[in-house]
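Sharing a structure with you now.
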Amino acid sequence: MHFEGIYTPVITPFKDDYSIDYEAYSAHVQYLLESGVHGLMIGGTTGEYYVESHEERVELLKIARQICGDKLQIIFGTGSVNPNASIKLAEDAAKHEADVILVATPPYSLPTQRELALHALAVDRAADLPIMLYNYPDRMGVNMEEEFLDRVGRSNNFCGIKESSGDINRLHLLARDYPHIQVACGMDDQALEFFAWGAKSWVCAGSNFLPKEHISLYQACVIENDFNKGRRIMSAMMPLMRVLEQGGKFIQSVKYGVTLDGRVSGEVRKPLCGLNKDDKRAMAQVVKTLKTTIASIVAETPESSESGAFVETIKANINKANTPLAASTEAGE
């Protein structure tokens, strides 16, 4: 299994009574399918899996698979505070044709590295599908350390990791010491660094409402290997990253981004609450500026973006060739 491109952790729209709005969800999945993203993550943190029942989570997977067919990779989250619940989710992932399962640390229990590995291997046995690990110690309380990675390496199904620790040294460790585990960027403000170290995939919540803009960074860095262009796009994205990460309003901000883009994103389930007017105003301005700036960068041709330096180089070479010294040197040859 290869992970390449932009993977969207899909939001779950809720109605005013906090039931799932499956119609809005289906429309959003259809939009993402048509937007050019490379895969979907169903039942991730952005999807608010932690306040959804087993049945709701499985239904979201079934709908996504029905809409997408075999056109997109679908990663299904198995995260739960209860390890037995993760095993049941893994079983249903295989039953309902997920391509990959996402395996995270059970939160709150703070397992040792050995205990965590035993849990991950049990989930693996339940599904026997390719696995993307999910390392997010800020939410789960435990890092996936070398001992864990060595232990789960006994199964070839562990082929990727969504690295969301924010610790750049983790990226260095994974890229150098575990090259058989494909690294996916899970910390949005480090996407450029991940791509520079060879990562080819980015699990990014912002692609729920800015898929083209996120694809443009992947395209610049991974496909074109143009990190000058990549830096400019990343710089334009940084204000959005700051808005998303401020004040514990990440999911709410992502959902409002979907609303700004013209689709129904619905409510967030408790204990979260929606954005206030000031938050919405700030979000709208950041998104507007980001779109305009990145559209301008992407519209540039290689010739136009480097034209100044190119023209000056040509002029210098012509002037040099026309000097008496250059002429005499050529005559001597």
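The values are calculated or read from the model by the stated rules, or taken from the named source; none is laboratory data. Predicted model, so just to flag it, every value in this text is computed and none were measured. When we count neighbours, we look across all protein chains shown, and the Cβ atoms used for this are built from the backbone with ideal geometry, even at glycine. Each accessible area value is taken on the protein alone, full model and side chains, heavy atoms only, with ligands, DNA and RNA left out. Shrake-Rupley method; radii C 1.70, N 1.55, O 1.52, S 1.80 Å.
Just the residues that are in a loop (DSSP other than H, G, I, E, B) and farther than 26 Å from residue 242 by Cα, please, taken from segment 126-143.
Within segment 126-143, 128, 129, 130 qualify.
Test of understanding: among 299, 284, which residue is touching a helix residue (DSSP H, G or I) at 6+ places or on another chain (Cβ under 9 Å) and exposed (fewer than 15 other Cβ atoms within 10 Å of the Cβ)? So that I can check it myself, show each step before the final result.
Details: 299 fails: touching a helix residue (DSSP H, G or I) at 6+ places or on another chain (Cβ under 9 Å).
Testing whether each residue is touching a helix residue (DSSP H, G or I) at 6+ places or on another chain (Cβ under 9 Å) and exposed (fewer than 15 other Cβ atoms within 10 Å of the Cβ) leaves just 284.
So residue 96 clears everything in (1) open to solvent by 30 Å² or more (accessible area, probe 1.4 Å); (2) touching a Lys or Arg at 6+ places or on another chain (Cβ under 6 Å); (3) closer than 22 Å to residue 269 by Cβ except one condition, right? Which one?
(3)
With respect to residue 154, is the statement that it is basic (Lys, Arg), farther than 23 Å from residue 1 by Cα and surrounded by fewer than 21 Cβ atoms within 10 Å (Cβ to Cβ) true? So that I can check it myself, show each step before the final result.
Working: basic (Lys, Arg): yes; farther than 23 Å from residue 1 by Cα: no; surrounded by fewer than 21 Cβ atoms within 10 Å (Cβ to Cβ): yes.
Judged against the criteria, residue 154 is not a match.
Let me ask another. I'm trying to understand the selection: among the residues of segment 12-35, which are touching a Lys or Arg at 6+ places or on another chain (Cβ under 8 Å), open to solvent by less than 40 Å² (accessible area, probe 1.4 Å), under 21 Å from residue 99 (Cα atoms) and not polar (S, T, N, Q)?
The answer is 28, 33.
Looking at (1) closer than 27 Å to residue 139 by Cβ; (2) open to solvent by 10 Å² or more (accessible area, probe 1.4 Å), which is the only condition residue 228 fails?
(1)
Looking only at segment 236-255, which residues are closer than 12 Å to residue 191 by Cβ and surrounded by fewer than 20 Cβ atoms within 10 Å (Cβ to Cβ)?
Looking only at segment 236-255, we keep the residues that are closer than 12 Å to residue 191 by Cβ, and these are 237-238, 240-241.
Once the filter is applied, which keeps residues that are closer than 12 Å to residue 191 by Cβ and surrounded by fewer than 20 Cβ atoms within 10 Å (Cβ to Cβ), segment 236-255 yields 238, 241.
May I pose another question? Here is a list: 43, 39, 47. Which entry is open to solvent by less than 30 Å² (accessible area, probe 1.4 Å) and closer than 22 Å to residue 121 by Cβ?
On the way: 39 fails: closer than 22 Å to residue 121 by Cβ; 47 fails: closer than 22 Å to residue 121 by Cβ.
Exactly one of 43, 39, 47 is open to solvent by less than 30 Å² (accessible area, probe 1.4 Å) and closer than 22 Å to residue 121 by Cβ, namely 43.
I'd like the full set of residues that are in a helix (DSSP H, G or I), open to solvent by 20 Å² or more (accessible area, probe 1.4 Å) and of a type outside the set (D, E, K, R), limited to segment 101-125.
Filtering segment 101-125 down to residues in a helix (DSSP H, G or I) leaves 113-125.
Then keep just the ones that are open to solvent by 20 Å² or more (accessible area, probe 1.4 Å); that gives 113-115, 118-119, 121-122, 125.
Scanning segment 101-125 gives 113, 118, 119, 121, 122.
Here's something else I'd like to know. Taking segment 46-100 only, how many residues are without any contact (Cβ under 8 Å) to a residue 12 or more places away in the chain and either among the charged types (D, E, K, R) or assigned to a helix (DSSP H, G or I) (or both)?
So the answer is 5.
Among the residues of segment 37-48, how many are farther than 17 Å from residue 248 by Cα and over 12 Å from the mean Cα position of the chain (by Cα)?
Kept after step one, since they are farther than 17 Å from residue 248 by Cα, are these residues of segment 37-48: 37-43.
Then keep just the ones that are over 12 Å from the mean Cα position of the chain (by Cα); that gives 42-43.
Adding up the residues that qualify gives 2.
Shifting gears a bit: Give just the number: which of (1) assigned to a helix (DSSP H, G or I); (2) in contact (Cβ under 8 Å) with a residue 40 or more places away in the chain does residue 159 not satisfy?
Status for residue 159: all satisfied but (1).
Could I ask something else about it? When you look at residue 63, is it closer than 14 Å to residue 12 by Cβ, open to solvent by less than 30 Å² (accessible area, probe 1.4 Å) and not hydroxyl-bearing (Ser, Thr, Tyr), yes or no? Even if it seems obvious, please write down each step before you answer.
Details: closer than 14 Å to residue 12 by Cβ: yes; open to solvent by less than 30 Å² (accessible area, probe 1.4 Å): yes; not hydroxyl-bearing (Ser, Thr, Tyr): yes.
So residue 63 passes the test.
Next question, about the same structure. Out of the residues in segment 184-208 that are of a type in the set (A, V, I, L, M) and crowded, with 23+ Cβ neighbours inside 10 Å, which is nearest to residue 40 (Cα to Cα)? Spell out how you get there, then give the answer.
Our first condition is that a residue be of a type in the set (A, V, I, L, M); within segment 184-208, this holds for 184, 187, 191-192, 196, 199, 203, 205.
Retained after the next criterion (residues that are crowded, with 23+ Cβ neighbours inside 10 Å): 184, 187, 191, 199, 203, 205.
Working: 184: 13, 187: 17, 191: 18, 199: 18, 203: 9, 205: 10 Å.
Going through the qualifying residues, I end up with 203.
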